[in-house]
Every structure is written in C-alpha cells, then in structure tokens.
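Take a look at the structure below.
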Amino acid sequence: MNIKDIKVYEAQDWLNSTYLGRYGYNYIKPDGITGWYTIYALTRALQIELGISEPSDNFGSQTMTACPILSIDSDQSLIVDSNIVRILQSAMFCKGYSPGDITGNFGLRTKEGIMEMQTDANITADGVVTPLLFKSLLTMDAYVLLLGGNTNVRIIQRNLNKDYFPNIGDLIACDGIYGRTTCKAMIMAIQFEGGVSVDGIWGPATQASLPALTYGNTRRAYNYILQYSLYANGFNPNGFDGSFGNGCRKAVMAFQEFCALTVDGSVGTQTWASLMISKGDVNRSATACDCSSTVTPARAATLYNKGYRTVGRYLTGGWKQIQSGEIDTIFDGGLKIFPIYQTSGNSTGYFNYGKGAVDAVKAVIAAKKYGFKSNTIIYFAVDFDALDFHVTNDILPYFRGIRDQFTNMNYKYRIGIYGPRNVCSRVGNAGYSVSSFMADMSTGFSGNLGYPLPLDWNFDQILEYNIGNGDGQIAIDKNICRGHYTGEDCVKEPEDSNEADTVALINNLDGIVNRLGITFTSPSLEIPIITSPIIDIKAVFSVSSIFVEGDGISVTVRNGEIISAGSNVLDIFGAFGINSATLGSILSSWEGIDFKVSMQTTSNSFKINLINQFNAEHFNGIGYVTEKLTIEFKNLDGDILEIQLANAYDKVIEWIQDNSRLILGVVIIAGVVAVLALAGVSVMSVLAALASAISQGIATFGVVIIFMIFFTNKIFNYIRNNI
C-alpha cells in the first residue's frame, strides 16, 4: 500500500477502529492523505465524544458550546488518556503540526505543536486550544504559504488574524491565496471597527458605518483595511503601514479610474463598496442597461430620460429576443444597442466544446439577420455560479469552440462574455474573449466574492429594478459602462444565412453523424458509409421550414431511456430476458442524443432509420434540422442467412478497421437499437427466429431488433477483442 503520510494513516486507522459502528460515524479509507472525508470523520468523532445526539460534518454552534478548552494545565480528566485529545492530535497531524504521537495525553509536544500553528496564524502562541482553535484545526485551511500563494496576501491574512481573531469569528487561512474567506474577513473587520453586527454580509448598516478617508488621515485601523482591499483588487498601495500616504492615494485613484468611479483620491461610500463587494454601490449613476422586454418608443423615452444611452438585447430566445422594428426604435430614441446571446447557459451541463461551436453559428446567423456590423461584440452568457473546476472542465472548452468557429468561418464579429468575475477573467486570459460583461449583482457567487474585476471588463451589471410609468415602464438591469465599447448606433441591411452557415451548424451539432466523424460539405449531401450487396449504411441531413415528424413504427429514446415503443418490441425483449434495467445500462451510451428508430420491412429486406430531430428545435435563419442514419439489409434468404450475415459482418469489420479511431461512432452504428452485447441471448435462437420470419415473409419490427441484437453483439465483440 502506498501511504502518503504514515501519521495521517495512523490517525485514520485509529478513527475507524474506535468509532466504526458508532451512530453517526462514517468509515474512511486509510490512505495517509488528508482530505475532507478525514476532516469530517474527526468532526463526527469529536461530536460523539461530546455526547451530541446527531453527529454531522459541520462544527456548528452545538459543538462549539460543548467543546472544552484544552491546555497542558487543564484538569487531568480532560487531557490524560482522552479520546478528545487523540482527536486533537490526529487533527494536528492532518494539519502538518506534530504532537509527538497520538497518545491521548496533552503534553509538552502537543503544546509546542499548537504554538507552532498559532505562530503561523499570527495569533497569541500560548498553546491553549479554545473551541474556535479546535474548529480551525478541523478544516482544510493551511496556515503556511502554499504553492501559488502570494506573500503579501499572506501578510494580509496574518495581520487580520492578529488584529481581529477571535472578534470576527473563525481563524483565517494564511496560505497566501486570496478568496472569499479573506474578503469576508475584511468585511467583518470593518463591521467590528464600526460597531455593527459582525456577520460578513455587506448591508446598509455596514456601508453607513464607514468613515470617508482622505490623504493624511489618522484612522489607522481603517487605513490598514483600505490598503489590504486595494492590494486584493490588484492595486498596490506600496505597503501595509496603516497610513494614507502618496502610495495609497495613487492606488486609490488608479482603482477609481479602473472601476469608472469619480477619480478624486478620497475613499467615500462608492469607493469602499466597490472595493468590498462585486456590485459596489448600486445607487451610483449608470449609462447602460440590459433587458428582456421589448423596447417600445415609450420605453426608449424612459431609458433616455433616466440617463441611459446603451441597451443590451437578446439575439435569440423567443419572447425576450429583439423584435421586428425594435432596433430602429432604439436608435430613434437616441440609444445604442449591444447584442447578448443566451438560450440557457444556467448550468454546467450546458457547456462543452461542440455546444460552443453550435452557439457560435447560431449567434452569428442571428446577428446577421438583425444587420449587426463587423466588429460588433456578441456577449455569450454564463448565467450560474460556476466553480473554478466548472470553468476548467466545461466553460473554457465551450468558449474555445466559439473561438475556433469564429476563426474557421472568418466571422467578423468579436466575442464577449457575460458571467461572474472569475469566469470572465479566465476566459479572457485564455484569449477566447475580448470584452467582459459582469454578472456582479450576484455578490455571493463563488466566482464574484474575493475576485477582482477582469482587466477587460466593459459592462458591470449591478441592480435589477423597474423604471418609468404606464406604457413607459420597463424592468431593466442597471449596468455601469466603462466606455471601451458603447454598443452600436447603426446597423446594415439584414443578411440571410447561407449554405456555409447551414453546413457549419450541421457539422457541429452533437448527434449521431457528428459522433461518427462524418463531415458534410453540403446540407443536402447523402454520404455512403458502407455499400455492399447485403448491407448499405448511409448518412443524410435535411433542413425544412416546418417541423414534420417521420412516419413508421418507432422507438423514442431520450437520454438513455426508452420513452415510447411498440408493444411487440417490448414483448420480444421480454422473451429473451432483456429487462428494463439491462436495457437502461446499455442505452446510457446514447446520453445527450434523442432519437427514433423507424423500420420499413419486406419479406426479404428491411431498412432501419435512426432519426435525430434535435428536440424539434427551430434554428433561427435555417429551420428544422433532421439527421438520419439508414441501415439497409437487402436480399436476405433464410437458407443462406449465415453466409449473408458473415458477408455483412466482414463488410462492417472492414469499415471498423479503416476508422478505428472512431470507436464511439462504431459503437453507435453497431447499436442501432441501442442493445450492445446483451448477455444471455442465444445466437442460434436468434438465427432460427429470423430465418423462420424471413421464410414466412413476416419480418416484424421486433424480429428485426432481435436480428440487430445478434449482429451488434458480433461487431461489439470484435471491437472489444481487436481494436
């Protein structure tokens, strides 16, 4: 066994041997690696020792109240042969501080280890473990500089601990990484200094408690917090000395200019708010907005009279998209317009590379339809609280897909992004966008709290509210405009989509044909995949202005589940012992594609059409798109069926060998009815059933499916054993 840290392993092993089977305790894998599961196990063990009836992962108020103060001078009953001390010592090893061993005795080594931690955190090093300190041990926070940490940020964190622990609650990590915890600690420090409730939530009372700071003032406690917050926002005040000197004043002015605030070098309500929370002071004036409502002449007048000069509107989205004649109304009202693209974008499952490429095409088609000129920035929306790993795994690939499509198609528009600060910064830093539209109203978003404005920010959304009366009333989002891009004041003649747009859309839609690696050069082109006397497989796309469902008997599969099917199909599945659970596990390979299987049969042939109509989505400027994969078996003869099967099998295997990199596509072809490698299906019984059906001229839908079970099983076995 590869054990990362023997002492952490011993702690994990002791926890399992002592508490496994006790109510509320969960087994943890002893691997010597400190992680949240180990921290949770330690927390639950402590709660069990404290007699808390419902142990949990959270060190809450009940645990805080029941937890004793531990020190080398505590009553012997608390610190000798004590499981609570063993939990403490285990937590110390997990944190990187040595108590000597897990003895259950609070001795000199344990005291020295606690003092080392207190020194790292910059609090009084007395070796006393208060409930708050115990709670700090039962976290994943580090009190030493981590890889990638910043030494100045660590100074800020240690100074906040020194000056405000325990008055603002928990001990602050001193890892040099600025984030929501340090940001919240600075808000609590302000609240403590201002004598208001210390909860880390920025509200009217907190804002009202703040003093105005000017050059040379002597409010050292506030000056320190000002210097910390300036540095955290990317503006170095030239040290942390508690004075408002030239360095601090220059940093304040640079920050005010960057945030489009009044540049005066003094720190008032608006500057304080912009330093501390993403939306800043929502009462400050703004010249831009966005809305989902149609801008009518009366509403345009309301916007203009309220000081707005630019309005953001949606390229797509049905009722909320730009309506006919609306752009002229906006211009006639003295306003400019900037386009937003959003169909959903409100969960991580929406985002991937292919979706980005498709959205790029759809956005450009819509922009051309409205006449937006070259260099217009289209803002693509990320409208949810995306964590950093969501950005890495999902959102960056999505925007790379947009960027690549813009490049490949030589689109003349520019890419912008709407979203939380961290999302916008990372996408911009990757080179996938040129302008950020901030979702700063959501101050508690993980990607906003503790993150500075991106360098390329242009619009900053800070307040949702209603303005105007009667016909002129309109709900808007108030946006600060930095001025780098103020929208468009005119458009050109609308432009229809062309064949290149349609082909680009088809080649990027995540469907059956795309997963086969097939590329179309024309939207009406029929592409043969396999051609032989027995089996033909081909792919085709079609586009129509109206939606028409295909006819014939069909099975509808949606995200790995059969939604509807003829009873004869399900009856034959049952006859071969194929239950819904088995079928469901097989269908999982089709996740993300909704399709139908339709059949046409004769006495000696049958055609299987695998049809994907992309959820009946109407693609603006193009229409309804349907892809179809057709598998046709011809000239079948029950007397020589095995020979014909062998020939068809060889032909498919030849295609597989030529396209071995497309394993997913091969499996899709092989699993036409999504039944891959089903166990327990007798090949001879399938052959007998099929031969009988063909000889009698009754090759029903169900029998065809059983045939495909056999056929796909052979192909899948070949893939598994040879490629």
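Structure above, values below:
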{"read-out": "Some residue of the stretch 323-332 being over 30 Å from Lys362 (Cβ atoms), of a type in the set (A, V, I, L, M, F, W, C) and assigned by TED's automatic domain parsing to the domain that holds Lys478", "value": "no"}
{"read-out": "Qualifying residues in the stretch 1-30 (those that are surrounded by fewer than 17 Cβ atoms within 10 Å (Cβ to Cβ) and among the acidic types (Asp, Glu)) - the one nearest to the chain's Cα centre (by Cα)", "value": "Asp5"}
{"read-out": "Residues that are touching a Gly at 6+ places or on another chain (Cβ under 7 Å), under 20 Å from Arg414 (Cβ atoms) and of a type outside the set (Phe, Trp, Tyr), drawn from the stretch 298-340", "value": "Thr310, Lys336, Ile337, Ile340"}
{"read-out": "Some residue of the stretch 351-374 being assigned to a loop (DSSP other than H, G, I, E, B), assigned by TED's automatic domain parsing to the domain that holds Pro420, over 24 Å from Gly511 (Cβ atoms) and in contact with a strand residue (DSSP E or B) (Cβ under 7 Å, 6 or more places away or on another chain)", "value": "yes"}
{"read-out": "Evaluation of Ala66 against (1) loosely packed, with under 13 Cβ neighbours inside 10 Å; (2) among the small types (Gly, Ala, Ser); (3) on the phi < 0 side of the Ramachandran plot (one fails), failing number", "value": "(1)"}
{"read-out": "Of all residues in the stretch 435-472 being surrounded by fewer than 24 Cβ atoms within 10 Å (Cβ to Cβ), touching a strand residue (DSSP E or B) at 6+ places or on another chain (Cβ under 6 Å) and among the small types (Gly, Ala, Ser), the one that is farthest from Ala173 (Cα to Cα)", "value": "Gly468"}
{"read-out": "Conditions (1) under 22 Å from the mean Cα position of the chain (by Cα); (2) closer than 30 Å to Gly179 by Cβ; number of the one not met by Ala273", "value": "(1)"}
{"read-out": "Among residues of the stretch 392-413, those that are within 11 Å of the chain's Cα centre (by Cα) and among the aromatic types (Phe, Trp, Tyr), counted", "value": "1"}
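Each row is one residue, and each column tells you yes or no for (1) within 10 Å of Arg421 (Cα to Cα); (2) modelled with pLDDT of 95 or more; (3) in a loop (DSSP other than H, G, I, E, B).
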{"site": "Met441", "(1), (2), (3)": "no, yes, yes"}
{"site": "Gly450", "(1), (2), (3)": "yes, no, yes"}
{"site": "Pro454", "(1), (2), (3)": "yes, yes, yes"}
{"site": "Gln461", "(1), (2), (3)": "no, yes, no"}
{"site": "Ile476", "(1), (2), (3)": "no, yes, no"}
{"site": "Asn479", "(1), (2), (3)": "no, yes, no"}
{"site": "His484", "(1), (2), (3)": "no, yes, yes"}
{"site": "Val491", "(1), (2), (3)": "no, yes, yes"}
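Residues are listed down the side, and each one gets a yes or a no for (1) of a type in the set (Phe, Trp, Tyr); (2) touching a strand residue (DSSP E or B) at 6+ places or on another chain (Cβ under 8 Å); (3) surrounded by 17 or more Cβ atoms within 10 Å (Cβ to Cβ):
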site: Gln256; (1), (2), (3): no, no, yes
site: Met276; (1), (2), (3): no, no, yes
site: Gly280; (1), (2), (3): no, yes, yes
site: Ala286; (1), (2), (3): no, yes, yes
site: Cys289; (1), (2), (3): no, yes, yes
site: Pro297; (1), (2), (3): no, no, no
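The values are calculated or read from the model by the stated rules, or taken from the named source; none is laboratory data. Because the structure is predicted, anything quoted here is derived from the model rather than measured. Note: ideal-geometry Cβ built from the backbone for every residue, glycine included; neighbour counts use all protein chains shown.
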